[in-house]
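Worksheet for the structure shown next.
What follows is calculated from the coordinates using simple rules that are stated; it is not laboratory data. For clarity, every value in this text was computed on a predicted model and none was experimentally measured. Cβ: placed from backbone, ideal geometry, glycine included. Neighbour counts: every protein chain shown.
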Amino acid sequence: MSTESQLESLTSFIKSEMPQRAMQSFTSEMTGLKTIPAARDMGLGQVQLSVIRYDAELIWERFPYRECDPRLLMALLEVWQATDTEDRDLFSQVGITNADPDWDIELIDEETAIVTVTVPMAERLIIVPDENGPVPYQGGRYRLADPEIWTALSAMIYTEVEE
């Protein structure tokens, strides 16, 4: 199983939704990487070792702001963040209070600008048992994995009625 980081997910989303012309000078990278100790058993054989905290930087060296409305970037980022509620919940769990993106726009000329968007990210570092895995942990072998979280959609509650 291959794991996809939030940065990869956001980058793929932006690339798929933005006009091709706006993406010609686009790069994305991870900066300020830190781990926050948060080891716990996640069930289903999964172990959370920590929470990874970093900033995703999305950079357009020559964003054509006259051809492509910059508000589209803002809207796409808001939509992506709204669909990523699981990882966004980690912010409060590890005490991160400021998760708003920072925007830096520097005009180059009347047609283009350098646009840098810095988005705080937090994601779980999860391992699962795998006899051929690359991670030795507590006498076994493990591999990296995306967390598998089961959510009950309904429940039946039984009570005892005393007569």
Evaluate the distance, in nm, between pseudo-label points positioned 7 Å from the Cα of R66 and of I157 along their respective Cα→Cβ axes.
6.3
Could you tell me the largest-minus-smallest coordinate of the C-alpha atoms of the chain on each of the three principal axes, in descending order and whole angstroms?
78, 50, 28
Added length on full extension, which subtracts the Cα-Cα distance from 0.36 nm per residue, I105 to Y137:
7.0 nm
What spacing in nm lies between the two simple spin-label points modelled at D89 and D130, each 7 Å away from Cα in the Cβ direction?
2.5
Choose one answer from L125, L77, L44: the residue with the largest mean-square fluctuation in a GNM of the chain with alpha-carbon springs under 10 Å.
L44
Here the membrane-span-like helices of the chain, with no claim about any membrane, defined by DSSP H, Cα axial extent at least 20 Å and mean Kyte-Doolittle at least 0.5, are 70-83
FRET efficiency (M74, R21; Cβ distance; R0 22 Å; to 0.05) is 0.75
About its Cα centre, what dipole magnitude does the stretch 6-145 give when the only charges are +1 on Lys and Arg Cβ and -1 on Asp and Glu Cβ, stated in debye to the nearest 20?
600
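Ranked by Cβ crowding within 10 angstrom, fewest neighbours first, how are R66, R53, R71 ordered? If you can, show how the numbers build up before the last one.
Working: R66 11, R53 18, R71 8.
Taking fewest neighbouring Cβ atoms as first place, the list is R71, R66, R53.
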If R₀ is 22 angstrom, what is the calculated FRET efficiency for the pair T116 and T35, using the beta carbon separation as r and rounding to 0.05?
0.35
Suppose only helical runs count, i.e. DSSP H with n ≥ 4. What mean residue ellipticity at 222 nm does that imply for the chain under -39500 (n - 2.57) per run, divided by all residues and rounded to the nearest 500 deg cm²/dmol?
-6500 deg cm²/dmol
